[in-house]
């Protein structure tokens, strides 16, 4: 009898556990559905609201094409520069012990903590017509703010930590024994990096580059402050989305937005693949 | 360098890489931020306080901080539930859901902004239904909160997930065997263990929410005194070439970022101490 009572007790408990489980999963999915799936679906639905022809037609607008080109150009400059920086910073930080290291790491992370609007604002204060270097630049007829260089600078600032912050913990955890062995055996610095370090960090590096690229192409706030929104000249894709949206040209706005959404989904897919490879292939 | 600035190492490239790192960091990040501080320090105290305590600015702080705080609270609750479901339960599509959590990181803020504005506008999918219940989200402060919930979600989930993996299951089993109810197990064992991570996620989401611009400006309606966030006020001042006003507000936001950074470090240090104490 006691055994039977115990068994019903357990069954009751597991049933309750099952209810809790179903409720929590349900709440999670509902929350994510409202917050993530609905907006994403809205982008695609709005972009295709007037059919496929209207959708593709949106991309024949010369201003939109110029915006796509500018976004690609910005990413093509920013991503390599910040990749080189990230590798340098993580080499210095992970392979050597020196004073002020934790301060350096904090400073590298700083752009993550700062509002995008501030990132744009500081470059206006430096290079704008009333800024520190404004008069000097004006004399030489160089325009930084409301021009492409300002957009590149603001994007560099925003995406500054991405590669470094992926590589620093990875390289710190891997240690330097193998590099020290290579150097001691007579390999040059460059060969040591290419043949010993790079294969060990490649997945982390790729991960950082993917995230850096996604942010570089999608940055809105910082770029919006320095761009001046000159159509066809200083509008990136996110700014073009804003312009079209504010003109109530919803199909075109969401068409450009859908490209950025596809980029985001692609980023997530690549990120998942890289995590999966890093997990089984050993970093 | 005889004072031991760095420990000796056989590896090459220290001077080159550290030199490049500090140069690039100074030129790209520190110098521009210094420009902001200097621009603000050129103001007199009265000018500075006048900009800071201006009625419209005060209204924008209330909205910015209030909405960011509310959004972080909502994320702490729902983000915890999501993290729990992902760590403890197996259900079809779990891996897909896990990957999708990072969408707000990857999706450009302007895109999430116009998407949310469309979904929640009075004739949008959700806006229509909420309008029946007399709730308006788009173009009110509620819209700002919704946008910030979206932006902050991954911070909480990604902070809490590893902490939940670490919770000692044998402790939970022991408590259950000793007669603790599931709720007691959760409150006494799981929650304390996950608390530092939850607080870290909360603070990260809050900090991000304060500075957020792109996803908010489309759904907020941007009415002065009502639905205008502080970053937007900075942009407006810049558009009017009021560089002093923009710099002063920017400076305050920068100070807030440092305070938040400091708070995050404190929370993380506290979490490490607790973990070390629990390990003994």
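The values are calculated or read from the model by the stated rules, or taken from the named source; none is laboratory data. Note that the structure is predicted; figures quoted are calculated from it, not measured. Glycine also receives a Cβ, built like all others from the backbone with ideal geometry; neighbour counts cover every protein chain displayed.
Does residue B:69 fit the bill of being within 10 Å of chain A (Cβ to nearest Cβ), in contact with a helix residue (DSSP H, G or I) (Cβ under 8 Å, 6 or more places away or on another chain) and farther than 30 Å from residue A:90 by Cβ? Judged against the criteria, residue B:69 is not a match.
Does at least one position in the stretch A:134-149 carry a residue that is at the interface with another protein chain (Cβ under 7 Å from one of its Cβ atoms) and free of Cβ contacts under 8 Å to residues at least 40 places away in the same chain? Looking for residues that are at the interface with another protein chain (Cβ under 7 Å from one of its Cβ atoms) and free of Cβ contacts under 8 Å to residues at least 40 places away in the same chain, one finds none in the stretch A:134-149, hence no. If I filter the stretch B:224-233 for residues that are surrounded by 15 or more Cβ atoms within 10 Å (Cβ to Cβ) and without any contact (Cβ under 8 Å) to a residue 60 or more places away in the chain, do I get at least one hit? No, every residue in the stretch B:224-233 fails to be surrounded by 15 or more Cβ atoms within 10 Å (Cβ to Cβ) and without any contact (Cβ under 8 Å) to a residue 60 or more places away in the chain. When B:216, B:267, B:190 are checked against the criterion of being within 13 Å of chain A (Cβ to nearest Cβ), in a helix (DSSP H, G or I) and modelled with pLDDT under 95, B:190 stands alone in meeting it.
Residue B:224 passes every criterion in (1) in a helix (DSSP H, G or I); (2) modelled with pLDDT under 95 apart from (1).
Residue-level check: of (1) in contact with a strand residue (DSSP E or B) (Cβ under 8 Å, 6 or more places away or on another chain); (2) more than 7 Å from chain A (Cβ to nearest Cβ), residue B:74 misses just (1).
Can we say residue A:158 is surrounded by 19 or more Cβ atoms within 10 Å (Cβ to Cβ), more than 9 Å from chain B (Cβ to nearest Cβ), at pLDDT below 95 and touching a helix residue (DSSP H, G or I) at 6+ places or on another chain (Cβ under 9 Å)? Answer is no for this residue. Do the conditions hold for residue B:181, that is, is it crowded, with 19+ Cβ neighbours inside 10 Å, within 14 Å of chain A (Cβ to nearest Cβ), without any contact (Cβ under 8 Å) to a residue 40 or more places away in the chain and more than 19 Å from residue B:212 (Cα to Cα)? Spelling it out, it is not the case that residue B:181 is crowded, with 19+ Cβ neighbours inside 10 Å, within 14 Å of chain A (Cβ to nearest Cβ), without any contact (Cβ under 8 Å) to a residue 40 or more places away in the chain and more than 19 Å from residue B:212 (Cα to Cα). Of note, residue B:93 satisfies the criterion of being under 26 Å from residue B:198 (Cα atoms), without any contact (Cβ under 8 Å) to a residue 12 or more places away in the chain, within 11 Å of another protein chain (Cβ to nearest Cβ) and touching a helix residue (DSSP H, G or I) at 6+ places or on another chain (Cβ under 9 Å). Of all residues in the stretch B:38-50, those that are surrounded by 14 or more Cβ atoms within 10 Å (Cβ to Cβ) and over 24 Å from residue A:151 (Cβ atoms) total 5. The residues on offer are B:205, B:263, and the sole one that is more than 28 Å from residue A:229 (Cα to Cα) and crowded, with 24+ Cβ neighbours inside 10 Å is B:205.
Look through A:260, A:239, A:244, A:270 and report the one residue that is modelled with pLDDT of 95 or more, in contact with a helix residue (DSSP H, G or I) (Cβ under 8 Å, 6 or more places away or on another chain), closer than 18 Å to residue B:104 by Cβ and in a helix (DSSP H, G or I). Exactly one of A:260, A:239, A:244, A:270 is modelled with pLDDT of 95 or more, in contact with a helix residue (DSSP H, G or I) (Cβ under 8 Å, 6 or more places away or on another chain), closer than 18 Å to residue B:104 by Cβ and in a helix (DSSP H, G or I), namely A:260. The residue list B:251, B:262, B:202, B:206 contains one member that is within 30 Å of residue B:176 (Cβ to Cβ) and assigned to a helix (DSSP H, G or I), which is B:202. Only residues that are more than 9 Å from every other protein chain (Cβ to nearest Cβ) and either more than 24 Å from the chain's Cα centre (by Cα) or more than 30 Å from residue B:93 (Cβ to Cβ) (or both) were counted in the stretch A:27-44, giving 1. Residues that are on the phi < 0 side of the Ramachandran plot and crowded, with 24+ Cβ neighbours inside 10 Å do occur in the stretch A:126-138, at least one of them. The single condition from (1) at pLDDT below 90; (2) closer than 23 Å to residue A:257 by Cβ that residue B:151 fails is (1).
Looking across the stretch B:155-170, the residues that are loosely packed, with under 15 Cβ neighbours inside 10 Å, touching a residue at least 12 places away in the same chain (Cβ under 8 Å) and part of a helix (DSSP H, G or I) come down to B:162, B:165, B:166. Taken over the stretch B:234-258, the criterion of being more than 21 Å from residue B:45 (Cβ to Cβ) and more than 7 Å from chain A (Cβ to nearest Cβ) is satisfied by B:236, B:239, B:240, B:241.
With the stretch B:52-154 as the region, which helices (runs of 4 or more DSSP H) entirely inside it contain at least 2 residues that are crowded, with 24+ Cβ neighbours inside 10 Å? Correct list: B:55-88, B:109-120. Taking the criterion of being surrounded by 20 or more Cβ atoms within 10 Å (Cβ to Cβ) and either touching a residue at least 40 places away in the same chain (Cβ under 8 Å) or assigned to a helix (DSSP H, G or I) (or both), would at least one residue in the stretch A:276-283 satisfy it? No, the stretch A:276-283 contains no residue that is surrounded by 20 or more Cβ atoms within 10 Å (Cβ to Cβ) and either touching a residue at least 40 places away in the same chain (Cβ under 8 Å) or assigned to a helix (DSSP H, G or I) (or both). Taking the conditions (1) free of Cβ contacts under 8 Å to residues at least 24 places away in the same chain; (2) more than 7 Å from chain A (Cβ to nearest Cβ); (3) within 30 Å of residue A:82 (Cβ to Cβ) in turn, residue B:17 satisfies each one other than (2).
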